[in-house]
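Beneath this line is the structure, given in structure tokens, with notes to follow.
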Amino acid sequence: MTIVDNNVLSAVAKIDRLSLLPAVFDRVGTPTAVVTELDRADAAGYDFVSRIDAVKAYNDGWLHILSPTASKLELANEIRDHALSTTDASVSR
């Protein structure tokens, strides 16, 4: 699975090219922290977020929302101290 962050999703959504992601990658996912960031962008009035909502897997789309386990979140907190954001660290192995 390819994991994408807010930067990737926002950029391709803004140019209305979200379809590129499943065309290039077999499975695409994003962590719940990114969904939270996008919810804030939606609340601020950014129109591109609705395009992302439409492709979420629970809306019969291809974008899988990944919820990190407690152990992953603990690891994320440890890694975050070494220059990664919590969002990026939450999907680390």
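Any read-out appearing in this document is the output of simple, stated calculations on the displayed coordinates, not a laboratory observation. Everything numeric here is computed off the predicted structure, so don't read it as measured data. Don't worry about glycine lacking a Cβ; one is built from the backbone with ideal geometry, like all the others, and counts go over all protein chains shown.
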Taking ILE15, ILE79, ILE52 and counting other beta carbon atoms within 10 angstrom, the fewest-first order is ILE15, ILE79, ILE52
Difference of contour (0.36 nm per residue) and Cα-Cα distance, ALA11 to THR69:
18.1 nm
Between SER19 and ASP39, how high is the FRET efficiency from 1/(1 + (r/R0)^6) when r is the Cβ-Cβ distance and R₀ = 25 Å? Nearest 0.05.
0.65
Segment 2-67 pair-distance distribution - Cα-Cα, 5 Å bins, rounded %:
4, 18, 34, 30, 11, 2, 0
